[in-house]
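What follows is a set of notes on a single structure, which appears directly below.
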Amino acid sequence: DMKVTQMPRYLIKRMGENVLLECGQDMSHETMYWYRQDPGLGLQLIYISYDVDSNSEGDIPKGYRVSRKKREHFSLILDSAKTNQTSVYFCASSWGGPPTEVFFGKGTRLTVV
Amino acid sequence: GDSVTQTEGPVTLSEGTSLTVNCSYETKQYPTLFWYVQYPGEGPQLLFKVPKANEKGSNRGFEATYNKEATSFHLQKASVQESDSAVYYCALSDSSGSWQLIFGSGTQLTVMP
């Protein structure tokens with residue numbers, strides 16, 4: 001079953017708390033992504049990972065970091081969350097190379113209060 | 001850098017009417033173009049892709065032609081159904097070699113019965 005799984009689906013955090021969003025995929029895809037989705041802005045790339053410990057900043061990396069220690073897992077970390085990081089976060093994966101299809105998870109809705 | 005511009009929403013149509021969602025792009029190379037669809041509570045999923053200029057992609061009654069001269073990739077459907085209500089994203093594969101997809105801002109479509 002080809003799936004990208006995100007946990008948790010919903011999360012409420014206080015400003016200044018640390019946040020960990022987790023993502024797993026069962027397709028052995030080399031490339032994984034973290035996007036955030038905001039109304040009117042579409043999907044913006046936060047980080048891209050080409051394989052284990054091979055990560056690159058996307059368009060909006062400020063305030064985020066990532067960790068990929070196993071090919072099937074990719075974590076997004078917010079150190080000291082801010083209210084403007086309230087958003088829906090999507091993890092995605094694809095085969096290595098220029099993407100022919102990117103598979104998305106169902107998203108995590110994060111609210112920072 | 002590469003960019004995608006698409007019809008701003010929301011778009012509301014009656015069942016049986018035709019749909020056009022405009023998409024134009026800027027790139028220095030020859031990307032693969034994609035249309036993604038996102039249903040409520042789900043992540044985006046691939047509707048179809050077209051890797052070559054002047055070719056057409058289609059799926060579930062939706063179609064789009066990769067027009068290199070006009071740098072356009074408009075999504076069309078002759079007769080929409082209530083089940084087509086979703087957000088539609090135009091996207092292109094980045095030409096810088098980063099392997100990311102660059103998304104438009106999305107178009108919310110609501111089809112009334």
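A few remarks follow.
- Computed over chain A with a Gaussian network model linking Cα atoms closer than 10 Å, the most mobile of A:S75, A:S49, A:S28 is A:S28.
- Rounded if a/c under 1.5, otherwise prolate or oblate - segment B:40-113, Cα gyration tensor axes: oblate
- Segment A:N18-A:K82, extension gain: residue separation times 0.36 nm, minus the distance between their alpha carbons: 22.1 nm
- For A:102-110, mean number of other protein chain Cβ atoms within 10 Å: 4
- Fully extending the segment from B:S96 to B:T17 would add 24.5 nm, taking 0.36 nm per residue of separation and subtracting the current Cα-Cα distance.
- Label positions at A:D59 and A:R109, each projected 7 Å from the Cα along the C-beta direction, are separated by 2.4 nm.
- Legend: distances between Cα atoms for B:K52/B:K77; A:K3/A:K69; A:K70/B:K56; A:K70/B:K52; A:K70/B:K77; A:K62/B:K28; pairs beyond 30 Å are A:K70/B:K56; A:K70/B:K52; A:K70/B:K77.
- Out of every Cα-Cα pair that chain A contains, those further apart than 18 angstrom amount to 44 percent.
- Computed about the Cα centre, the dipole magnitude for the protein assembly as shown is approximately 420 debye when only Lys and Arg (+1) and Asp and Glu (-1) carry charge, each at its Cβ.
- For the protein assembly as shown: Kirkwood Rh in Å [reciprocal of mean 1/r, alpha carbons]: 18.0 Å
- From most to least packed by mean Cβ count within 10 Å, the peptides A:84-92, B:56-64 give A:84-92, B:56-64.
- When only alpha carbons are used to place a centre, segment A:68-109 and segment A:1-64 end up 2 Å from one another.
- Heavy-atom accessible area ranking, 1.4 Å probe, most first, across B:L46, B:L101: B:L46, B:L101
- Largest GNM mean-square fluctuation across A:E30, A:E101, A:E72, computed for chain A with C-alpha springs under 10 Å, falls on A:E101.
- In Å², nearest 10: area of A:W95 left accessible to a 1.4 Å probe: 130 Å²
- With each label modelled as a point 7 angstrom along the Cα→C-beta vector, the B:Q76-A:S67 pair spans 5.1 nm.
The values are calculated or read from the model by the stated rules, or taken from the named source; none is laboratory data. These numbers come from a predicted model, not from an experiment. Methodologically, a virtual Cβ is constructed for each residue, glycine included, from the backbone with ideal geometry; neighbour enumeration extends over all protein chains shown. Surface areas here come from the heavy atoms of the whole protein model, side chains and all, with no ligands, DNA or RNA. Shrake-Rupley method; radii C 1.70, N 1.55, O 1.52, S 1.80 Å.
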